[in-house]
Amino acid sequence: MHLHIFNPICINKLKKGKTVAKVMLRESDGVIYFYVAKKDMEETIETIEFNSDDKWGGEVELSNGQIWWIKPEAKKLPKEINSKRISD
């Protein structure tokens, strides 16, 4: 995975009420899968803002180009989270 430089413009988009969804995160063979059941969408995380075991999350870019926000916290997968789409 690549570190993605934090984009302050995306924080403004986050505050404007984009799509919030329950997301299941799981890891297999070093690839992290991002699944939104409501949309039956499964993508892989291509870039992530914070990528350490203690602080994992932030702005993530999916394989379909969408950018979502994951609250940074300790990396413990699999898990279900609330995530917010901040751009298409």
| query | What does the charge count near ASP53 come to, summing +1 for each Lys or Arg and -1 for each Asp or Glu among other residues with Cβ under 10 Å from its Cβ? | reply | +2
| task | Give, as a single signed number, the net charge of other residues whose beta carbon lies under 12 Å from the beta carbon of VAL31, with Lys and Arg counted +1 and Asp and Glu -1. | result | -4
| request: Post the alpha-carbon centroid distance, segment 65-83 to segment 30-48, in whole angstrom. | output: 10 Å
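A short reminder: the numbers here are calculations on the coordinates, not readings from a lab. Note that the structure is predicted; figures quoted are calculated from it, not measured. Cβ atoms come from the backbone with ideal geometry, glycine included; neighbour counts cover every protein chain shown.
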